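Comments concern the structure below.
The values are calculated or read from the model by the stated rules, or taken from the named source; none is laboratory data. Note that the structure is predicted; figures quoted are calculated from it, not measured. Don't worry about glycine lacking a Cβ; one is built from the backbone with ideal geometry, like all the others, and counts go over all protein chains shown. The area values use the complete protein model at the heavy-atom level, side chains included, leaving out ligands, DNA and RNA. Shrake-Rupley method; radii C 1.70, N 1.55, O 1.52, S 1.80 Å.
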Amino acid sequence: MAKENSSKANPGASSVLGFHHVCLVVSDMERSLALYRDTLGLSVYIDTVIPDAQQALFAQKTLDDIFHAHGAKSRMVMLASPSGAKIELQQPQTPSVQTIGRKALGYGLAGIAELAFGVTDIESWFERIRTAGYETQTEYVWSVGGGRLKSFLFYDTDGNMMQLCEEFDVSASA
């Protein structure tokens, strides 16, 4: 049985403020940065190895507990879009990264199926992604909701499904 929404019952109660970031574990940081920084244009605002020397970001014990590994170590890169969408890339060194393959990612299995970004000029993005050598799931940009959204899916270097979406206000043209 679901609990009553405590923020409605108690206006001073804690609440979710919004989406903060998503973290992707990657097998090759430089290849991943070629997509997220160079192709998609996200800005790097942190690029470090954790735990860092002063353990200001992560203490060794905390990282060991999070990664379930003694002596955990990882390269962490935080990126953001101009609108503030954030993505964290982690390339663990200890424990070593193991890829699970594209068949274990996507629809039909529980978990995150795709990571979607809002864009403008979807057709240009489709060409940019294909020209950069990323595999698209379809050979075209598709439309849903009576033209309210145009989108396409593609795969990053680790086989994660990515989506770019452009929303349109169809009521303005009616």
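List of remarks:
- Scan of region 114-132 for residues that are touching a residue at least 60 places away in the same chain (Cβ under 8 Å) and either within 19 Å of Ser83 (Cβ to Cβ) or surrounded by fewer than 12 Cβ atoms within 10 Å (Cβ to Cβ) (or both), ordered by number: Leu115, Phe117, Arg128
- Hey, Gly108 in a loop (DSSP other than H, G, I, E, B) and modelled with pLDDT of 95 or more or not: no
- Exactly one residue out of Gln98, Gln163, Gln91 is open to solvent by 30 Å² or more (accessible area, probe 1.4 Å), assigned to a strand (DSSP E or B) and either more than 16 Å from Val22 (Cβ to Cβ) or not aliphatic (A, V, I, L, M) (or both), and it is Gln91.
- Subset of region 134-147 [under 23 Å from Tyr107 (Cα atoms), outside any strand (DSSP E or B) and more than 19 Å from the chain's Cα centre (by Cα)]: Thr138, Glu139, Tyr140, Val141, Gly145
- Close pairs from region 76-91: first β-branched (Val, Ile, Thr), partner in a strand (DSSP E or B) and open to solvent by less than 40 Å² (accessible area, probe 1.4 Å), Cβ under 6 Å, at least 6 apart: Val77/Leu89; Ile87/Val22; Ile87/Leu79
- Tabulated pairs, region 149-174, first within 17 Å of Leu35 (Cβ to Cβ), second open to solvent by less than 20 Å² (accessible area, probe 1.4 Å) and modelled with pLDDT under 90, C-beta under 6 angstrom, 6+ apart or interchain: Met161/Gly106
- Every test in (1) under 21 Å from Phe154 (Cβ atoms); (2) open to solvent by 80 Å² or more (accessible area, probe 1.4 Å); (3) free of Cβ contacts under 8 Å to residues at least 24 places away in the same chain is passed by Gly111 save one, and that test is (2).
- Looking only at region 95-142, residues that are more than 13 Å from Val25 (Cβ to Cβ) and either among the hydroxyl-bearing types (Ser, Thr, Tyr) or touching a Cys at 6+ places or on another chain (Cβ under 6 Å) (or both) come to 10 in all.
- Qualifying residue in region 46-67 (condition: within 29 Å of Gly133 (Cβ to Cβ) and among the hydrophobic types (A, V, I, L, M, F, W, C)): yes
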